Amino acid sequence: MKLTRIAAHALALALVFALAGCGSGEKEPVDIGALGQRLVEAATFGEPMNALDSSVALGLYGAPEGTSVAAWAGTGATAEEVAVFDCGSAENADALVQSLEQRNEVRASQYADYDPEEVPKIENAVLLSGGQYVVLLVAQDPGNAASVAAEALG
C-alpha cells in the first residue's frame, strides 16, 4: 500500500512538472511551408499559384541574411503572391516588414501603368508579423487567410 502511494505521488509530481512546462510561454516554431500552403488554399487567386525556389524568392523580396522563405506566385501577369518568412529574429522581421511595405508601394505604381486592375490587390495586401515570422499575401480575395496567418503567428 505504501509503495502504491509513493508511485501515485511520483506520477502526480511528474504531471505537475509536465503541465508547468506547457505554460512556459515559449511558442512552437512555425512551419513556414505548411503555413504558406494553408494560405494558398485559404485565399482566392486569379491564376494557379506555383511554388518558388527559396533562393529566387529571397532575392525577389530582399530578405535579411539568414532568412528562410516559402513562397508562391502566379505567372507574373498578376500581382498575386504568397510568402512566409522566418527571419530568425523580431528585429529582422521588423526590417523586412518595412522593406515589403516599400516594395508594395513600388509594385502598385508599376502595376498602375501595366495593369491597373491589379493595384487594389497590392493595396489590400495582407502583411503580418509575429516574432521572427512575416507573412505577405496578395490575392484576388484573401478570404480567411489573414485570420489563418494571425492565428499561426500568435
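The numbers here are math on the coordinates, done by the rules we state, and not lab data. Worth saying up front: this structure is predicted, and the values here are computed from it rather than measured. With ideal geometry, Cβ positions are generated from the backbone for all residues, glycine too; neighbour counts draw on all protein chains shown.
In terms of other Cβ atoms within 10 Å, 121, 27 run from fewest to most in the order 27, 121.
In segment 63-86, which residues have a backbone nitrogen under 15 Å from the label point lying 7 Å from residue 54's Cα in the Cα-to-Cβ direction? Within reach of a label on residue 54: 63-72, 83-86. Altogether, the Stokes-Einstein calculation at 4 °C and 1.567 mPa s, with the Kirkwood radius of segment 67-115 over Cα pairs as Rh, returns a diffusion coefficient of 107 µm²/s.
Find out how many positive minus negative residues lie around residue 115, taking Lys and Arg as positive, Asp and Glu as negative, among other residues whose Cβ is under 14 Å from that of residue 115. Here the count lands on -4. A simple rule links phi to the HN-Hα coupling: the Karplus curve 6.51 cos²θ - 1.76 cosθ + 1.60 with θ = phi - 60°, which for segment 86-95 gives 10, 8, x, 7, 5, 5, 5, 5, 4, 5 Hz, with x for Gly and Pro.
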